[in-house]
Amino acid sequence: MDLVSQRKATTYGFKRTSTLLQKRIRNASESRGFAQSRLLTQWVEIVGQDIAAIARPVKISYAKHGLGATLTVLTTGAQALMLEMQKEKLRQKVNTVYGYNAISRITITQTAPTGFSEGQASFEHQQKPGPQAAPDPKAKAKAEALAAPVRDMSLRTALELLGQNIISKSK
């Protein structure tokens, strides 16, 4: 076979950026002990918005003679006490990423909000941008009519938004 017949017609010989960078990202995250880079990239989804707003993972260290690792979490001094009380809940959420009890301890590292190289990074996570265009009035009305029987207001609002997105994209 020649190279032209091996190439997929949809890629036209190009590779996705993610496939080119995947090995480098894995090596960088593994150098700090993160075998699962998902813990770094999806921190907000794993631990929740409230914990992610005050803390972030720094490193994972493994014991020489034993099972379980220690996760080091960075936070500001004022938030350390709040995080200390939620350590067990945080450990359970992190272990769901691994699928077993990989993390046995959590260590909290405090830093000043400004002045140190680690402390200068913001703990606030940016929200994904929402739809930019104004919703179609017909799609909005149809979505509201479909979600009207739902009694829970927050669920109804979410269903209306989902319906608007589906109806507008199907056109």
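Brief remarks follow.
- Taking the listed residues L71, L83, L161, the one that is at pLDDT 90 or above and either under 15 Å from R56 (Cβ atoms) or within 23 Å of the chain's Cα centre (by Cα) (or both) is L83, with no other qualifying.
- Any hit, the stretch 53-68, residues being touching a His at 6+ places or on another chain (Cβ under 8 Å), surrounded by 14 or more Cβ atoms within 10 Å (Cβ to Cβ) and either in the same structural domain as L39 (by TED's automatic domain parsing) or modelled with pLDDT of 85 or more (or both): yes
- Selection status of P135, at pLDDT 90 or above, assigned to a loop (DSSP other than H, G, I, E, B), over 27 Å from W43 (Cβ atoms) and not basic (K, R): no
- Residues that are part of a loop (DSSP other than H, G, I, E, B) and closer than 14 Å to I103 by Cα do not occur anywhere in the stretch 69-76.
- Qualifying residue in the stretch 140-158 (condition: out of contact with any Phe, Trp or Tyr (no Cβ under 7 Å at 6 or more places or on another chain), assigned to a loop (DSSP other than H, G, I, E, B), on the phi < 0 side of the Ramachandran plot and at pLDDT below 85): no
- Scanning the stretch 35-43 for any residue that is at pLDDT 80 or above and under 22 Å from T111 (Cβ atoms) turns up at least one such residue.
- Answer residue from the stretch 77-98, given it is in contact with a strand residue (DSSP E or B) (Cβ under 8 Å, 6 or more places away or on another chain) and either touching a residue at least 24 places away in the same chain (Cβ under 8 Å) or in a strand (DSSP E or B) (or both) and is surrounded by the most Cβ atoms within 10 Å (Cβ to Cβ) among those: V94
- Residue, nearest to K23 (Cα to Cα), within the stretch 36-57, restricted to residues that are assigned to a helix (DSSP H, G or I), in contact (Cβ under 8 Å) with a residue 24 or more places away in the chain and not basic (K, R): L39
The values are calculated or read from the model by the stated rules, or taken from the named source; none is laboratory data. Quantities reported herein were computed from a predicted structural model and do not represent experimental measurements. Heads up, the Cβs are rebuilt from the backbone with ideal geometry, glycines too, and the neighbour counts pull from every protein chain shown.
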